[in-house]
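The values are calculated or read from the model by the stated rules, or taken from the named source; none is laboratory data. Keep in mind the model is a prediction, meaning the values are calculated, not measured. With ideal geometry, Cβ positions are generated from the backbone for all residues, glycine too; neighbour counts draw on all protein chains shown.
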Amino acid sequence: MRDQGFMRLYLIPSPIGNLGDITYRAVEILNKVDVVLCEDTRTSSVLMRHYNIQKPLTPYHQHNEHKVLPHLIEQLAAGKTFALITDAGTPGISDPGFLLVRECVRNNIPVECLPGATAFVPALVQSGIPSNRFVFEGFLPLKKGRQTMLKTLAEEERTIILYESPHRLVKTLHEMATWFGAERQAAVCRELTKMFEETNKNTLTELAAHYEKHPPKGEIVIVVEGKDSSSRSHKDEEEIN
C-alpha cells in the first residue's frame, strides 16, 4: 500500500471555452495524479492533448457516479491520487462532484479544490447588475417545483444567477417576466470566453422578444436583478433624468 499521505482527490476547474483559461498549478497537478476522472472523455481529451498531459481518463458523470463511487473510494483509500474535471467549469457547480466529495469527507480522504474557471462569476461581474449580494440557483427545475421556485425567486432581493440551455431560454425569460415583472432588468451572457461571446442586458420582456427573433446557441448564464435592486435602479434612473 502506498503512503496514505499521497491519497487525495483534486477538483480541477477546466476552461469554460478558451483553453488558455487554466492555471499553471492545475496543469501541474493533472500531470502528477494517477487517474483523471472526467465527465466526457472525448471533451477532456481535447484539453489533455492541448497541454500534452498523458494520464488515464476514467468516465465519471451523472449516469454512473453512484455505481462507480465505492470503487473510487476504495482506490483513494489505498493511496491513489485522483483529479476530477468536468466538461467546463468547476466540478460540483451544476456538474458531477458532490457525491464523490461527500464520500471522501466521510472516509477522511483529503479533498482539495483549486480556484479557477466557472461561468457564473464572469457573467455576474460583467452584467452591470449589482454583484455585492447574489444567489446562484443553477438550473431551474424542468417540471416539478418549477413554478414554486419562480414564485420564491420573484421575492428574492439579491441578484439571481441561473444557467439555462438555448432551447429553453425564451420560455424561461417569459416565465420570469410573468413572475418577476416585465420590466425587471436582466442580462443574458452567452458563450463566455469563446469567439462569439455576448452579453445582452435589457428587461426580461425585451430579452425574450430578442431571442425569439434570434434563437441562441451555446452555453447561457442569466443574471437577474433582485426585487429591491430593481426598484432602486429605476429610482436612480428617475433621479438622474
Margin query: Can you pull out every residue in segment 131-163 that is basic (Lys, Arg) and at pLDDT below 95?
Written below: 143, 144
Notebook entry, point to check: Any idea how many residues of segment 30-47 are aliphatic (A, V, I, L, M), crowded, with 18+ Cβ neighbours inside 10 Å and in a helix (DSSP H, G or I)?
Noted result: 2
Check: What is the residue count in segment 186-227 for residues that are of a type in the set (Lys, Arg) and either within 16 Å of residue 139 (Cα to Cα) or buried (at least 22 other Cβ atoms within 10 Å of the Cβ) (or both)?
Finding: 1
Checklist line | Selection status of residue 127, surrounded by fewer than 18 Cβ atoms within 10 Å (Cβ to Cβ), closer than 30 Å to residue 164 by Cβ and not aromatic (Phe, Trp, Tyr) | finding: no
Item checked: Residue within segment 155-176 that is of a type in the set (Asp, Glu), in contact with a His (Cβ under 9 Å, 6 or more places away or on another chain) and touching a residue at least 40 places away in the same chain (Cβ under 8 Å) present -> no
Notebook entry, point to check: Looking at segment 60-79, is at least one residue modelled with pLDDT of 95 or more, in contact with a helix residue (DSSP H, G or I) (Cβ under 8 Å, 6 or more places away or on another chain) and either part of a strand (DSSP E or B) or outside the structural domain of residue 103 (by TED's automatic domain parsing) (or both)?
Noted result: no
Checklist line | Residue tally, condition surrounded by 15 or more Cβ atoms within 10 Å (Cβ to Cβ) and either touching a residue at least 12 places away in the same chain (Cβ under 8 Å) or of a type in the set (Gly, Ala, Ser) (or both), over segment 60-74 | finding: 6
Item checked: Pairs, first without any contact (Cβ under 8 Å) to a residue 40 or more places away in the chain and polar (S, T, N, Q) in segment 23-44, second part of a helix (DSSP H, G or I) and surrounded by fewer than 21 Cβ atoms within 10 Å (Cβ to Cβ), C-beta under 8 Å, six or more apart -> none
Item checked: Test set (1) within 22 Å of the chain's Cα centre (by Cα); (2) in contact (Cβ under 8 Å) with a residue 12 or more places away in the chain - residue 79 fails condition number -> (1)
Notebook entry, point to check: All but one of (1) in contact with a helix residue (DSSP H, G or I) (Cβ under 6 Å, 6 or more places away or on another chain); (2) touching a residue at least 60 places away in the same chain (Cβ under 8 Å) hold for residue 101; which doesn't?
Noted result: (1)
Next item on the list: Find all pairs meeting these conditions: Cβ atoms under 8 angstrom apart; at least six residues apart or on different chains; first residue within segment 123-135 and part of a loop (DSSP other than H, G, I, E, B); second residue among the polar types (S, T, N, Q).
Entry: 127/199; 129/159; 129/185; 129/229; 130/159; 130/229; 131/159; 133/159
Next item on the list: Inspect segment 164-184 for any residue being crowded, with 17+ Cβ neighbours inside 10 Å and either under 22 Å from residue 43 (Cα atoms) or modelled with pLDDT under 95 (or both) and give the result as yes or no.
Entry: yes
Next item on the list: Check segment 39-53 and report whether any residue there is modelled with pLDDT of 95 or more and within 20 Å of residue 109 (Cβ to Cβ).
Entry: no
